[in-house]
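Novice: Let me give you the structure first, and then I'll get to my questions.
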Amino acid sequence: MSLFSTEKYIAFDVGDRRIGVAVSSSGIIADAVGYIQRDPNNQKKDIDTVREYINKYSATVIVVGLPKNMNGTLGPQGEKVLAFTKKIEEAIPGSNVVFWDERLTTVAATNTLIEGGVRRSDRKTKVDKVAAALILQSYLDYNSMRH
């Protein structure tokens, strides 16, 4: 068995204003690569940008953070993420989408940025991509323990 995965992973932290993006080509380490500024009037543009990221990184596995309530149920934001992800799957037939529990990742991402000395004004644009990296790293760690 090879140390590195043949899969290429991309993760999205889907929010109302921004979508954080992280990738991993090794299957071991997640890398925060950016965010997509959402257009509230043009969801097709958001989907097209997601597809561009998937193509740019030749991703074979798409990990989408699924926000759940603390009791494990889906709330309104979780339903929005499911609906958005369905549109991604329609735009990219045969895509391998995996949902991953993202509870408290934004809190963890914010705390990581604060501990790293990132100014409050800069945190807003960085928190989404850091949250996506935390989602992807959690998924990768779980997968590595299973194999």
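The values are calculated or read from the model by the stated rules, or taken from the named source; none is laboratory data. Note that the structure is a prediction, hence the values are computed from the model and not measured. Backbone-built Cβ (ideal geometry, glycine too); neighbour counts: all protein chains shown. Please note that ligands, DNA and RNA were not included when accessible areas were found on the heavy atoms of the full protein model with its side chains. Shrake-Rupley method; radii C 1.70, N 1.55, O 1.52, S 1.80 Å.
Novice: Pop out the carbon and sulfur fraction of the accessible area of the chain as a percent, whole number, probe 1.4 Å.
Specialist: Values: 4370 of 8430 Å².
Roughly 52 percent, rounded to a whole number.
Novice: Please report the base-10 log of the normalised intensity I(q)/I(0) for region 55-139, using a Debye sum with one equal scatterer per alpha carbon and no solvent, at each q in 0.19, 0.20, 0.22, 0.24 (1/Å).
Specialist: Those come out to -0.94, -1.00, -1.11, -1.18, one per q.
Novice: If you don't mind, another one. Could you provide, to the nearest whole Å², the per residue accessible area of region 1-57 with probe 1.4 Å?
Specialist: On the way: 3300 Å² over 57 residues.
With the other protein chains kept in place, region 1-57 gives 58 Å² per residue.
Novice: Here's a follow-up. In percent, how large is the relative contact order of region 1-52, given Cα pairs closer than 8 Å and 6 or more residues apart? Please list the in-between numbers first.
Specialist: Numbers: 76 pairs, mean separation 14.2, N = 52.
It comes to 27 percent, rounded to a whole number.
Novice: How high is the relative contact order of region 81-147, in percent, counting Cα pairs under 8 Å that sit 6 or more residues apart?
Specialist: Numbers: 23 pairs, mean separation 21.6, N = 67.
Normalised by residue count, the contact order of region 81-147 is 32 percent.
Novice: I need to check one value: relative contact order of the chain, counting alpha carbon pairs closer than 8 Å and at least 6 residues apart, in percent.
Specialist: Details: 249 pairs, mean separation 45.6, N = 147.
Rounded, it is 31 percent for the chain.
Novice: With θ set to phi - 60° and the Karplus curve 6.51 cos²θ - 1.76 cosθ + 1.60, what are the ³J(HN,Hα) couplings of region 36-42 in order, to the nearest whole Hz, using x for Gly and Pro?
Specialist: 10, 7, 6, 9, x, 9, 8
Novice: Residues with amide H under 5 Å of Val64's amide H, sequence separation 5 or more or different chain, H placed in the peptide plane at 1.01 Å from N; which?
Specialist: Hits under the 5 Å cutoff: Phe12, Val98, Phe99, Trp100.
Novice: What's the longest piece of the chain with no exposed trypsin sites (Lys or Arg not before Pro), counting a site as exposed if DSSP puts it in a loop and it has at most 13 other beta carbons within 10 Å? Let's see the in-between values first.
Specialist: On the way: sites that count: Arg17, Arg119.
Longest stretch, sites excluded: 18-118.
Novice: Give me, ordered by chain and number, the residues 5 or more places off Arg38 or on other chains with an amide H under 5 Å from its own placed amide H.
Specialist: Distant-sequence amide H within range of Arg38: Arg18, Ile19.
Novice: A further question on this structure: Just in region 1-91: which chymotrypsin sites (Phe, Trp or Tyr not before Pro) are loop by DSSP and have at most 13 other Cβ atoms within 10 Å?
Specialist: Taking region 1-91 and a limit of 13 other Cβ atoms within 10 Å, the loop chymotrypsin sites (Phe, Trp or Tyr not before Pro) found are Phe4.
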